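Each remark here refers to the structure printed beneath this line.
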Amino acid sequence: MKNLITNKANLTITGANLAETLGISIFNIILLTYAKSFQHPTALVSIVSLGSIVPGMLAVIIGRFADYSLNKSRFLIGAKFVQAALYVLLGLIITRRTFILFLVVVLINIVSDCLGIYSSSLRLPILKEKIPDERRQQVLGLNQSVTTLLQPVGQSLGITIIAATHDYALAGYINALTFLVAAGILMIGHRTIDVRISAHPQKRRASDLRHQVITILQHSSGMNIISLLTSVIIVNGVAASIDALINLFILNHPHLTALPFSIEILLVNIGFIAGSVIGSLAKSQFLDHLSYRTIMVTTTATVLVLFINFIVGQNYWLLLAGMCFSAFCLGQLNPKLTAQIIATTDQTMIGTVTGALSSLVTIAVPLGSIGLVLLYNVVAPNAAYLTGICFLLIGIGALFVKQPQADDLAS
């Protein structure tokens, strides 16, 4: 950890990420509150929710665009200034409550989130150049833990700002300020993150580009592409529903513990955040030698135990422990794969590859969360639990599909 603290590139990137994440978290909750303040809030809240998944679905295109941006640090700083300007504009119009201006506000938020994905794609080649291979996973984990910790803090601040002032314009200006702070940090540390790519990515046909992305993902994960994508989509899809299912499970089983409902939910959330942060930052020889497949099997099996517990054990403390451990595994999982992609991928392809993976995950998340919660409410709780178990078993089975041979990767 000492090496991370003294690495100037890491300090610059993490400091900017801290300011940016706080701003995003503040405004995401405020935007939902803003939608609820209209006369017909249900449809508008739905528009906000749908708008939140659009940037992720476009991640592969945004990542490709980032690969074509040669001066990574300059474009990274520029993106923060553009985001700040967008929220200043938002602050100027948000007090006029018409449907058209509401759509403009949502569009501004979508464009800003797209710029956030663009920034993330720009940061990865910088990490490849400035952070040693053996420290890269920890740096990615550190930034992931910053996001995990600050999201609830930002949401709390957002709620507090609106409750105290009822001023949505002020919230927009505060968000603009956080992006200006991020830009300032990046400018101060510009020399530490200055990376310039000498050549544009090669122009390829869509089929050739797809083949290259598949080859990189197989090589980085050590898994067959069908195995990797099936397991990633299933785990993320099912995991996206688990917060809602836990809330409903605890609500419908009021005597699991002597604690009130709110405390039971709070402990689960704290446990998940703590597990995720510890998993993101933990480093040891044992963890370093675990393959991506092994961690993915462990993660999927842990979530499977949680779903079985919903039906059979119905034990709150097992639920709490399972959430902590699954979060720990997820904290290890994402940085490990991203670090391996960075290590094995040319700088002109990193954004495209990580963007393609993000797009697939984004598509899976709403399908899983909406589908299982719908089954719970419309059919029966056990229907949702059993469906989740079936999908998780398929995910575990997919993880044992034969690993590609070296000849396959080269073809």
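The values are calculated or read from the model by the stated rules, or taken from the named source; none is laboratory data. These numbers come from a predicted model, not from an experiment. Note that each Cβ is placed from the backbone with ideal geometry, even for glycine, and that neighbours are counted across all protein chains shown. The area values use the complete protein model at the heavy-atom level, side chains included, leaving out ligands, DNA and RNA. Shrake-Rupley method; radii C 1.70, N 1.55, O 1.52, S 1.80 Å.
Only DSSP H runs of four or more residues enter the estimate; each adds -39500 (n - 2.57), and after division by the residues of the chain the mean residue ellipticity at 222 nm equals -28500 deg cm²/dmol. Loop-only check: which trypsin sites (Lys or Arg not before Pro) in the range 157-254 are DSSP coil with at most 15 other Cβ within 10 angstrom? Loop-located and lightly packed - K203, R204, R205. Which entries of K8/K80; K8/K128; K8/K203; K8/K283; K130/K283 have Cα-Cα distances beyond 25 Å here? From K8/K80; K8/K128; K8/K203; K8/K283; K130/K283, over 25 Å: K8/K203. Simple point charges give the picture: +1 on the Cβ of Lys and Arg, -1 on the Cβ of Asp and Glu, and for the chain a dipole about the Cα centre of about 800 debye. Ligands, DNA and RNA left out, the accessible area of the chain computed with a 1.4 Å probe is 68% carbon and sulfur. Between K203 and A258, residue separation times 0.36 nm minus the direct Cα-Cα distance comes to 13.5 nm. With all protein chains kept in place, the per residue accessible area of the range 300-342 amounts to 32 square angstrom at a probe of 1.4 angstrom. Using only Cα positions of the chain, each an equal point scatterer, no hydration layer, compute I(q)/I(0) via Debye at q = 0.06 Å⁻¹ and quote the log10 values to two decimals. For the chain, the Cα-only Debye profile gives -0.25. Counting only chymotrypsin sites (Phe, Trp or Tyr not before Pro) that DSSP places in a loop and that have at most 14 other Cβ atoms within 10 Å, the longest clean stretch of the chain runs over 69-399.
The slack in the chain from R96 to H40, taken as 0.36 nm per residue of separation less the alpha-carbon distance, amounts to 18.6 nm. Across the range 93-242, the convex hull enclosing all Cα atoms gives 205 Å³ per residue. When E20, E134 are compared by accessible area at a 1.4 angstrom probe, the order from most to least is E134, E20.
Summing charges over neighbours of Y34, with a neighbour being any other residue whose Cβ is under 15 Å away from its Cβ, gives +2 when K and R count +1 and D and E count -1.
Per-residue 3J(HN,Hα) values for the range 302-312, derived from phi via the Karplus relation 6.51 cos²θ - 1.76 cosθ + 1.60 with θ = phi - 60°, read 5, 5, 4, 4, 4, 5, 5, 4, 4, 8, 9 Hz in sequence order (x marks Gly and Pro).
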